[in-house]
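I have placed the structure first, in the form of structure tokens, so that the comments after it can refer back to it.
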Amino acid sequence: MAIVASLPGFNLFSSLPSNPPPNDPNSSTTSASPSPPIPIPKYPPPLKKSQNAAPNPALKTVHRRTKYYKPVRDGVISSDGDRAVVIGENGVSYLLPGAPFEFQYSYSETPKVKPLAIREPAFLPFAPPTMPRPWTGKAPLKSAKEKKLKRKVPLLDSFGPMAPGTSGVKEVVMARPVELGKYPKQEKTREEILGEPLKKWEIKMLIQPQLSDNRQVNLGRDGLTHNMLDLIHSHWKRRPVCKVKCKGVPTVDMDNVCRHIEERTKGKIIHRVGGVVYLFRGRNYSYKDRPQYPLMLWKPAAPVYPKLIQEAPEGLTKDQADEFRKKGKRLLPICKLAKNGVYITLVRDVRHAFEGSPLVKIDCRGMHASDYKKLGAKLKELVPCVLLSFDDEHILMWRGPNWISMHQAAPSPSDTADFDILSSTGRGKDYDEPCKPDTKTAMTSPKMMSLWKRSIDSNKALLLDELDLDPDALLKKVEEFEGVSQATEHSYPALIVSSEDGTSSSVQVFEEVPQSDPYSEYDDYSDNYDYESDDDDAFYDSDSIPLGSLPVDVIVEELDHD
């Protein structure tokens, strides 16, 4: 390289010539510009879209925030042959040919009120039977495996009856998948598929491996959706029991969720604890004979329903409702709900809270707005109650004009304007008048009243006949009852000295009152809990114990003899 670099007139790093090369003298046209080395391609003009062909509405994306609003009535609002969108008692439903029932996006969380309008064009969220579209390119190349399958077409024996006149001729058909919209006929009923009822040891054996397993179907705020039906059958393919874990709004009414699960899947719920449900497929279940439903490709937009909050709810005027909302600002909530929680006892807690106050408030801070609005709609039907506001992420409810107490001897509800929700006293119709104490007594619960009755019968509690007692008279009553109650705690006759000098004495015998079963008339409220008398009374007899001795001495002697 050193020798080449030393040669004269040779430059390794020479640049392009500054002047362009002279034109060829042989060329006839010297002024014409040279042709490009690569010819410019000529593309065909774009095809004009035919104005007659209407696009498929399923391929058109409608934004959720658009102002699309179309009022609807009961009946079919859109149809394409045998496929239709129907408005009925269950809201928006989809009717397909041969389907066993009308399909819905959510079977358990559909409001009972009828929708007013829809937010998007009415079309079915299922795959269309045919999708006409222009040709967008050539067909994809087939793989070697597909070419091999094409050469050797698999044939199967026909399961249909042989045609008349074909003596011994074997007919074969090609294998093909089950088409959507065609459902195998159920030859067996639900009772035949379930078989005999499971025994306790069988239920325990089926549930035990599922307790610590996370293979489950999660049921959220949308409840039992349409695509969950196919998901439950896919779980039943491997295991006889499917575990369904429910969280959020549907747990307010678990009975409704369980009813829809059994109705749509034809299974049997064998165990339920909290928000977890164990669904049994049946003894005679066959995965091949399962109903195959078409899947929904997207979530339809929710229709427009009537407003939950009204300025003047039923039974109230606008001024009364505004006054209740102002008082609700100062009212403490009975509970705070967590996001995606289990709200099984919420209806019961609200009913108990209405026993003490006509207004109830629930704290829902941190939850999604649609969640606590759905909660309010469910409480309105289940409690029942009247919704007043959702301000500050709180649910404010009024128990309504037709409220009936849960207990038998509770007082009838007073007028809304005559009751102060922030105190336990009543008010007159004029708010400027002084408050008067309410002297009516209310039975809190049958169990509590039976306990009070038992305490009074055993001289452990005292029932005052007079209510207007001054403090001195009340103190005297308490001192007298204290002496009587201390004497009745002993099971043997007590000696009470009545004279001041102690020379004369009188013996007053306090015998135990025979206690009958005070819960016989409240068997329905016992909650399977038996209240039994003390077993210590069987060890001794009050008549056999001498004066000055204790019952424990008799108990020790009885145990020593045994």
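The values are calculated or read from the model by the stated rules, or taken from the named source; none is laboratory data. A quick note: this is a predicted structure, and the numbers were derived from the prediction, not measured. With ideal geometry, Cβ positions are generated from the backbone for all residues, glycine too; neighbour counts draw on all protein chains shown. Quick note on the areas: whole protein, heavy atoms, side chains included, nothing else; ligands and nucleic acids left out. Shrake-Rupley method; radii C 1.70, N 1.55, O 1.52, S 1.80 Å.
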### Selection from 345, 315, 397 lying farthest towards where the dipole of region 309-398 points positive, charges on Cβ
345
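Compare 476, 114 by solvent-accessible area with a 1.4 Å probe and give them largest first, with all protein chains kept in place.
Ranking 476, 114 by accessible area, largest first, yields 476, 114.
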#### Entry: Cβ-placed point charges (K, R +1; D, E -1), dipole of region 63-118 about Cα centre in debye, nearest 20
440 debye
### Message
Give me the percent relative contact order of region 63-118, please, defined on Cα pairs under 8 angstrom at least 6 residues apart.
### Response
33 percent
### Summary
Between the alpha carbon centres of region 271-332 and region 75-118 the gap in Å comes to 17 Å
### Query
Residues with amide H under 5 Å of residue 304's amide H, sequence separation 5 or more or different chain, H placed in the peptide plane at 1.01 Å from N; which?
116, 117, 118, 119
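Just subtract the alpha-carbon distance of residue 340 and residue 283 from 0.36 nm times their residue separation and send over the number in nm, one decimal.
On the way: separation 57, 0.36 × 57 = 20.52 nm, distance 3.42 nm.
Residue separation times 0.36 nm, minus the Cα-Cα distance, leaves 17.1 nm.
Only sites in a loop by DSSP and with at most 10 other Cβ atoms within 10 Å count here; which trypsin sites (Lys or Arg not before Pro) in region 261-353 make the cut?
Values: sites: 264, 266, 268, 272, 281, 283, 288, 307, 318, 325, 326, 327, 329, 330, 336, 339, 348, 351; in loops: 266, 281, 283, 288, 307, 339.
Within region 261-353, the qualifying trypsin sites (Lys or Arg not before Pro) (loop, at most 10 other Cβ atoms within 10 Å) are 288, 307.
Rounded to the nearest 20 Debye, what is the dipole magnitude of region 193-287 about its Cα centre when Lys and Arg each give +1 and Asp and Glu each give -1 at the C-beta? Write out the running numbers ahead of the final one.
Working: 18 positive and 9 negative charges, 67 e Å.
So the dipole magnitude of region 193-287 works out to roughly 320 debye.
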### Summary
Simple spin-label estimate for residue 309/residue 199, 7 Å along Cα→Cβ, in nm, reads 5.8 nm
### Summary
In order over region 99-113: 3J(HN,Hα) from phi, Karplus 6.51/-1.76/1.60, θ = phi - 60°, whole Hz, x for each Gly or Pro, gives 6, x, 7, 6, 7, 9, 5, 10, 8, 9, 10, 7, x, 7, 7
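Nearest 20 debye, what's the magnitude of the dipole of region 309-398 about its Cα centre given +1 on Lys and Arg Cβ and -1 on Asp and Glu Cβ?
Working: 16 positive and 13 negative charges, 53 e Å.
Taking the Cα centre of region 309-398 as origin, the dipole is about 260 debye.
Given a 1.4 angstrom probe, what's the average accessible area per residue across region 193-287, in square angstrom?
Numbers: 4640 Å² over 95 residues.
Roughly 49 Å² per residue, with all protein chains present.
Over region 193-287, what relative contact order in percent results from Cα pairs under 8 Å that are six or more residues apart?
Working: 124 pairs, mean separation 34.0, N = 95.
Relative contact order, region 193-287: 36 percent.
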### Task
Could you list which residues have their amide H under 5 Å from that of residue 276, counting only those 5 or more apart in sequence or on another chain, with H placed in the peptide plane?
246
### Task
Note down the accessible area of residue 561, probe 1.4 Å, to the nearest 10 Å².
150 Å²
### Task
Quick one: grab Rg to one decimal and Dmax as a whole number for region 193-287, Cα atoms only, in Å.
12.5, 34
### Counted charge near residue 384, where neighbours are those whose Cβ lies closer than 12 Å (Asp, Glu -1; Lys, Arg +1)
+2
### Task
State the three equivalent ellipsoid semi-axes of region 63-118, derived from the C-alpha gyration tensor as the square roots of 5 times its eigenvalues, in descending order and whole Å.
20, 15, 11
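Give me the number: length gained by fully extending residue 90 to residue 189, i.e. 0.36 nm times residue separation minus the C-alpha to C-alpha distance, one decimal in nm.
Values: separation 99, 0.36 × 99 = 35.64 nm, distance 2.52 nm.
My answer for the length gained is 33.1 nm.
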### Message
Can you give the local net charge around residue 262? Use residues other than it whose beta-carbon is closer than 14 angstrom to its beta-carbon, Lys and Arg +1, Asp and Glu -1.
### Response
+4
### Message
Classify region 304-406 from the C-alpha gyration tensor, please: rounded if a/c falls under 1.5, else prolate or oblate depending on whether a/b exceeds b/c.
### Response
rounded
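Counting DSSP beta bridges in region 193-287, what percent are antiparallel, to the nearest 5? Before the final figure, lay out each step's value.
Values: 10 of 13 bridges.
About 75 percent, rounded to the nearest 5.
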#### Entry: Radius 11 Å from Cβ of residue 228, net charge of other residues (Lys, Arg +1; Asp, Glu -1)
-1
### Message
If I compute solvent accessible area with a 1.4 Å probe over the protein chains, what percent of it on region 63-118 is carbon and sulfur?
### Response
50 percent
